[in-house]
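Taking it in order: structure first as structure tokens, then the write-up.
Just so it is clear, none of the values below were taken in a lab; they were calculated from the coordinates. Because the structure is predicted, anything quoted here is derived from the model rather than measured. Glycine also receives a Cβ, built like all others from the backbone with ideal geometry; neighbour counts cover every protein chain displayed.
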Amino acid sequence: MNAIKPVLLLDKKTQNMIESYVPSDETLEELVSFFSIFSDLTRLRMISALAISEMCVTDLSTLLEINQTTVSHQLKTLRDIGAVKYRRDGKIILYSLKNEVINEVLLKGVEFLGY
């Protein structure tokens, strides 16, 4: 049985604009991964702190009152997504945001909520 193809009400120009604007599935999957960093309270707190200064695990744990194991786990998640970078200073590893855009997205969310 042949399925009847629905007729679009949009004009061809608008259809073409939409088709060219909607990202590929690969890009959408990467966006889902990127935005997942904002879906966890602990990660949001850590991102907020790292927007101000680079810090080691102990400093993040102490300042934010989060277990060090949890901080380490969340930093690994943020590293895997590409949200944070790190550098070694002797025996200490210091973490910071990889790109200021991450903080800008967070601030846009706060702005959207009206705070």
### Message
Let me confirm something: among 53, 96, 20, which residue is polar (S, T, N, Q), exposed (fewer than 14 other Cβ atoms within 10 Å of the Cβ) and not in a helix (DSSP H, G or I)?
### Response
53
#### Entry: When residues of the range 56-81 are limited to those that are free of Cβ contacts under 8 Å to residues at least 24 places away in the same chain and part of a loop (DSSP other than H, G, I, E, B), the one farthest from residue 106 (Cα to Cα)
67
### Candidate set: the range 55-98, residues that are closer than 25 Å to residue 34 by Cβ and among the charged types (D, E, K, R); chosen: the one farthest from the chain's Cα centre (by Cα)
87
